[in-house]
Amino acid sequence: MSGHLAVVGLGPGDARYLTAEAVEVLGVAQALYGYRPYLDRMPVRPGQSRHASDNREERARAAAALVHAAQGARVAVVSGGDPGVFAMAAAICEEIESGPPSWRALDVTVVPGITAMLAVAARIGAPLGHDFCALSLSDNLKPWELIEGRLDAAAGAGFVLALYNPVSRARPWQFAAAIERLRRHLPPSTPVVFGRAVGRPDEQVSVVTLDAADATQADMATLVIVGSRETRVIERPGRSPLVYTSRAVAEVSA
Ligand code: SAH
């Protein structure tokens, strides 16, 4: 089968964050599939068709792209950030696993991109400088109790947390509940970084302490990093602070 499907990460923001590999793959694609705002970021090319869909239609988009690739086309599915982090690459794999055997014969490539947590971390210093984990707070595809259990386990084990999907219109209370949960494990002075629309013109990055963190500081375009006991803030005259997590851990905390 000659069809080819590439799942391409666009990075967090404008074209500066595209890798050279992503530019190359997007340049030769005959059809582009993705969430409309991502497709709108890309230059129109003659002979390249565009198939925009809504944010929530990931499985249908994945299936449509696979059907198109199976017809012999060179298809690219785009994702913000990295396609393997809470995004389209897993949706494509889910469809291949449950789809017709012919989809397993397709040439599938995943092209990595800069994921939001790395872009936010880079803006502020090195909050992910030691052990960390990434969690999506979306309970669209998993029960909220599971998320709470993972927050307890991760904060209890001393990981810095990168929280994706902190809030959405359909999920108004989850972020406040998550912060409340983390306060059981971490001191009130723990640094919390809010990085919004990083890499875009409306980018905003702020640092607060865990006792002052609340849901009004986050929206759908925000990635939140909650520090560990080793995360520190270096104040600097006339410059924004540096937040970092020390690579050395002196002792096991109770
Ligand atoms: N595949 C994406 C993540 C998709 S989940 C990636 O690798 O970055 C969507 C979540 O990602 C958002 O709710 C937000 O938490 C985060 N996010 C995506 N782009 C962002 C950006 N430019 N700045 C801050 N957070 C972002």
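Brief remarks follow.
- FRET E, pair residue 252, residue 20, Förster distance 30 Å, beta-carbon r, rounded to 0.05: 0.10
- Within the accessible area of segment 1-107 (1.4 Å probe), percent carbon and sulfur: 53 percent
- The portion of the accessible surface of segment 114-242 made up by carbon and sulfur, rounded to a whole percent, is 54 (1.4 Å probe; DNA, RNA and ligands excluded).
- Taking the DSSP beta bridges with both ends in the chain, the antiparallel portion is around 45 percent.
- Electrostatic dipole magnitude of the chain [Cβ: Lys, Arg +1; Asp, Glu -1; Cα centre; debye, to 20]: 400 debye
- Distance in nm between pseudo-label sites at residue 109 and residue 180 (7 Å out along the Cβ direction from Cα): 4.8 nm
- Ellipticity at 222 nm from helices only: DSSP H runs of n ≥ 4 in the chain, each -39500 (n - 2.57), divided by the residue count, give -8000 deg cm²/dmol.
- A 1.4 Å probe run over the protein chains yields, for segment 1-122, 47 Å² of accessible area per residue, whole-number rounding.
- Dipole check for segment 46-148: with +1 at the C-beta of Lys and Arg, -1 at the C-beta of Asp and Glu, and the Cα centre as origin, the magnitude is about 440 Debye.
- Per residue accessible area in Å² of segment 140-220, where ligands, DNA and RNA are left out and the probe is 1.4 Å: 49 Å²
The values are calculated or read from the model by the stated rules, or taken from the named source; none is laboratory data. Keep in mind the model is a prediction, meaning the values are calculated, not measured. Here Cβ is always computed from backbone atoms with ideal geometry, including for glycine, and neighbour counts include all displayed protein chains. Quick note on the areas: whole protein, heavy atoms, side chains included, nothing else; ligands and nucleic acids left out. Shrake-Rupley method; radii C 1.70, N 1.55, O 1.52, S 1.80 Å.
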